[in-house]
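For reference, the structure discussed in these notes is given below.
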Amino acid sequence: MLGINTKLQELERQGKAINLSIVGAGQMGMGMVSQIMLMKGVKPSIVVDIDLDKAFKAYTNAGVKEDDIVRVSNISEANKNMENGKFIITDNAEIASKANLIDAVIDATGVPEVGAKLAIDAINNKKHIVMLNVETDVCIGPILKKLADNAGVVYTGSAGDEPGAVKELYDFADALGFDVRVVGKGKNNKVDLDCNPDTVFDEAKRRGVSPHMLTSFKDGTKTMVELACMSNATGFVPDVRGGHGASGQVSDLPKLFTLKEEGGILNKYGVVDYINGVAPGVFVIVSSKLKEVRAEMEYLSMGSGPNYVLYRPYHLASLETPLSAVKAVLDHQPTIVPLNGLVSEVITIAKKDLRKGENLDGIGGYTVYGTVEVANVAKEINAVPIGLINKKAMLKKDVKKGEVITYDMVDLDKSSLVYQLRQLQDRFF
């Protein structure tokens, strides 16, 4: 991100601005709009949400005058009011990518089907697309990136989200020639595979978040999605299904993430994993074959080796997302994208005993959770990616709690865009 501040200052000096549309005015979208208002050379020009009061509040909380906020329902209204310097709110998501002056679209919904539609609309309208929606990316990211490349626009994950934050550390270490052995993230609570929106409701209300979102955090699905994103961007794989999920402090990581024969927990290097106890940070484990490098690392208080931890103790979530949009617009570069096809998959696991004819509900719900697995293994066992599960998915047979849900067990919603893009992706890659 070096030099972005000076580029934005120059845009501001010239009286220009990068126009962004934000889809989703939940917790992440709210904070993002306020952060953008503090930036030079960037404007949160459109906020989209099915709840227009939330979209309106996103602007007023950021200090925008009510007279400068205009509700619109079609493209022509949006274009006219944007040209007059107004801030736009709407419940029509198509406006986010079709408005003339928009440079980049930011998806802050976390819903795979919505993410698929937003990404396709943005790409078709020659707008860059920033996915603060890792759930979509780990299911159909490779095909979306391919389509964006063909259209000459940038498809990218988000800075500030843990995968984007860890990718910055990985790129730094890799550029310096370190042997990068592990990439990972912290988790601030133990996985509770049995939780659901009812059991977390009081906590969600207290924290001001959606019960479904909190469920996806507490049952581990969100962490699995983030690990899969890191895997797909680096080529690293989970050492075991779901990761080890060990506990420790930052100082423990270099020894913990060594091979078993070296006293650690790993079967191999080149892996993604998570650790209980160092949240909200991200880390990479590195080594070097050269004694002079190792000697200087020790001199610099990085430990005695052979493994060292590079640790970033924060990730600012949606507050950093605008930087990915700016980087896409100004430098035509992504923050984090899949390498080529999927390296890892987030497969679907039954959260409880389920019966034939029962409908599933998807991420953050009552019936299933996701866990990370090597993509080739997921394919061999015919596992269904959790991004394809929605409320129209119906079981064709009974499934036991803890079982992997496979394609032969369930009738999926074949009319969904995410399903159709996944079929195309599976053929293409």
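The values are calculated or read from the model by the stated rules, or taken from the named source; none is laboratory data. Computed from a prediction, not measured in an experiment: that's the story for all the values here. Note: ideal-geometry Cβ built from the backbone for every residue, glycine included; neighbour counts use all protein chains shown. Keep in mind that these areas ignore ligands, DNA and RNA; they rest on the heavy atoms of the full protein, side chains included. Shrake-Rupley method; radii C 1.70, N 1.55, O 1.52, S 1.80 Å.
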3 or more residues touching a Lys or Arg at 6+ places or on another chain (Cβ under 9 Å) and crowded, with 16+ Cβ neighbours inside 10 Å: qualifying strands (runs of 3 or more DSSP E) within the range 228-343: 271-276, 282-287
Count of the range 79-100 residues which are more than 21 Å from Val114 (Cα to Cα) and charged (D, E, K, R): 3
Count of the range 210-254 residues which are in contact with an Asp or Glu (Cβ under 6 Å, 6 or more places away or on another chain) and either of a type in the set (A, V, I, L, M) or more than 22 Å from Gly26 (Cβ to Cβ) (or both): 4
Qualifying residue in the range 101-119 (condition: on the phi > 0 side of the Ramachandran plot, modelled with pLDDT of 95 or more and of a type outside the set (A, V, I, L, M, F, W, C)): no
Top-ranked residue of the range 1-24 - restricted to ones that are without any contact (Cβ under 8 Å) to a residue 60 or more places away in the chain and within 22 Å of Ala96 (Cα to Cα), ranked as farthest from the chain's Cα centre (by Cα): Lys16
Pairs with Cβ under 8 Å, 6+ apart, first in the range 224-243 and without any contact (Cβ under 8 Å) to a residue 60 or more places away in the chain, second open to solvent by less than 10 Å² (accessible area, probe 1.4 Å): Asp239/Leu266; Asp239/Val271; Asp239/Asp273
Unique residue being under 15 Å from Pro322 (Cβ atoms), in contact with a strand residue (DSSP E or B) (Cβ under 8 Å, 6 or more places away or on another chain) and open to solvent by less than 80 Å² (accessible area, probe 1.4 Å) when the list is Ser45, Ser34: Ser45
Filtered residues of the range 187-227 (kept if assigned to a helix (DSSP H, G or I), open to solvent by less than 30 Å² (accessible area, probe 1.4 Å) and over 22 Å from Ile275 (Cα atoms)): Ala204
Filter result (open to solvent by 10 Å² or more (accessible area, probe 1.4 Å), touching a helix residue (DSSP H, G or I) at 6+ places or on another chain (Cβ under 9 Å) and within 9 Å of Ile336 (Cβ to Cβ)) within the range 162-175: Lys167
Pair list, Cβ < 7 Å and 6+ apart or interchain, from the range 417-428 residues that are in contact (Cβ under 8 Å) with a residue 40 or more places away in the chain to residues that are of a type in the set (Asp, Glu): Leu417/Glu113; Val418/Glu113
Residues of the range 344-360 that turn out to be over 27 Å from Ile265 (Cα atoms) and either surrounded by 24 or more Cβ atoms within 10 Å (Cβ to Cβ) or of a type in the set (Val, Ile, Thr) (or both), as a count: 1
Residue within the range 38-56 that is assigned to a loop (DSSP other than H, G, I, E, B), modelled with pLDDT under 95 and either closer than 26 Å to Glu168 by Cα or within 22 Å of the chain's Cα centre (by Cα) (or both) present: no
